[in-house]
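The values are calculated or read from the model by the stated rules, or taken from the named source; none is laboratory data. What you are looking at is a predicted structure, and each value in this text was computed from that prediction instead of being measured. Cβ coordinates were reconstructed from backbone atoms using ideal geometry, including for glycine residues, and neighbour counts include every protein chain displayed.
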Amino acid sequence: MTLSRAAKATPVGAKKSVLWHVCLWLAFGGSVIANADVRDIRVWQSPESTRLVFDLTEPSEHKIFPLSSPSRVVIDLTDAEMLLDTAAIDLEGTAVASIRTGHPSKKVLRIVLDLNETLNPSSFPLPPNEVYSSHRLVIDLKRPETTQSLSPVKPVKKADTPESRRRDIIVAIDAGHGGEDPGASGARRTKEKHVVLAIAKELQALLKQEAGFTPFMVRTGDYYIGLRERTEKARAANADFLVSIHADAFKQSSANGSSVYVLSDRGATSETARWLADKENDADLIGGISLEDKDDHLRMTLLDLSMTYQRNSSKRIGADILGHMDKISHLHKRQVEEAAFVVLKAPDMPALLVETGFISNPEEERKLNTRSYQQKMAAAIFNGIKDYFSDHPPSGTLLEAERRRNQDGADHWHSYVIRSGDTLSDIAVQNGVALNELRRINGLSDDQIRIGQTIKIPSS
């Protein structure tokens, strides 16, 4: 009735316009057609890939394909417009040289990424969430697998050579979240991803200074890495231990305190099943031991034993870390907690997740933002790791050799006369002795030695 009365009072041309819009509205199920306009583009660069995130006003159908000579990636968006100046996007240090746009047809927005190297593109849409209010289209540009490589970490784990028998303990440090995933946020807009990376770098510095340890950073900058990829990076680096650093959040701002998590029984059971189902992992499951020639029962038994051992080791490391965290912070839980975090699901490596505090708590957010507290938290994690591995050094490590010498009682050494071409560091490597230990035994303040000088070298 209302429509008919409005039609009677409307000129003929306007009548047709109203009817056309009503038909259009009905044809599309009563919804309003809207363009999926691009209102922002964010770019994140990691060592292995480049990620672009398009903020869209509406979801859009898209096509993506690469072009060569020169290397480009083309993204076609349906019913979309570009609302920003792509020339103003900061692309410095990324694999993208420039971003261009055009319209191959009226309904298609074409976005061309000019690349500095050949990359393989992939894409996926994301709906709005509690952090981002807009629809998003994520474009990942990855180097071909044949050219991907992790930063070299020495020495190679499990290798049976004289040099590797005195290897460092490799600690993988995983700063949670990153890039498009900010993690939790505090009232002062502090982002978890920034805080935990700062703590991770402080921990890295402490481990670098400690004889017998080598740190490996899973994430070195502000970019995102998938959860399972984090674990795989640590395994590929031959890590003896993985610590994942986070900052907690809760709807009630009064929640506070630090906590430590290990993999739960339920998480371990499901992960064992996943590994057993994945035949591609058979050749590299438990410290390089092949399972491909084992029957199903034996494979399950070996994996279960490995997971149980790693969980027990993780609990002991976690208890040592909690003991040190208790000196600088309130503990949310005084015992090691259990959860099925994906990043902890490694069959051959102890792993812990450390919640350094509640970023949703105003006081803890303030402390987490200060370098002094970041250093204290890193020191607590470091001291816990050091305590555990000093008592339980992996086979073939410098710490194992030192522990064996200490258990023997008095120092045992043999004499060595310095010859032309000798350096203190070379002598340390050749004899499987930590350089700091060699300086200590000989009362040296630096690495200066002279031909004919006699020094003491600890016996293995």
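Worth a mention:
- Test: residue 104 is closer than 24 Å to residue 47 by Cβ and in the same structural domain as residue 136 (by TED's automatic domain parsing): no
- Scanning the range 167-217 for residues that are under 22 Å from residue 433 (Cα atoms) and among the polar types (S, T, N, Q) yields 209, 214.
- Note on the range 112-133: among residues that are under 13 Å from residue 180 (Cα atoms) and surrounded by 14 or more Cβ atoms within 10 Å (Cβ to Cβ), the one that is modelled with the lowest pLDDT is 132.
- Test: residue in the range 333-349 that is free of Cβ contacts under 8 Å to residues at least 60 places away in the same chain, at negative phi and surrounded by fewer than 16 Cβ atoms within 10 Å (Cβ to Cβ): yes
- Test: residue in the range 87-100 that is over 14 Å from residue 51 (Cα atoms), out of contact with any Asp or Glu (no Cβ under 9 Å at 6 or more places or on another chain) and of a type in the set (Asp, Glu): no
- Here residue 241 fulfils each of the conditions (1) hydrophobic (A, V, I, L, M, F, W, C); (2) closer than 17 Å to residue 197 by Cα; (3) touching a Pro at 6+ places or on another chain (Cβ under 7 Å) apart from (2).
- Count - residues of the range 224-255 that are closer than 19 Å to residue 333 by Cβ and either crowded, with 19+ Cβ neighbours inside 10 Å or not polar (S, T, N, Q) (or both): 10
- Qualifying residue in the range 337-355 (condition: more than 21 Å from the chain's Cα centre (by Cα) and basic (Lys, Arg)): no
- The number of residues in the range 334-378 being assigned to a loop (DSSP other than H, G, I, E, B), under 26 Å from residue 394 (Cα atoms) and out of contact with any Gly (no Cβ under 6 Å at 6 or more places or on another chain) comes to 7.
- Filter result for residue 261 (touching a residue at least 12 places away in the same chain (Cβ under 8 Å), of a type outside the set (A, V, I, L, M), over 30 Å from residue 400 (Cβ atoms) and assigned by TED's automatic domain parsing to the domain that holds residue 175): no
- Qualifying positions in the range 442-460 - modelled with pLDDT under 80 and not in a loop (DSSP other than H, G, I, E, B): 458
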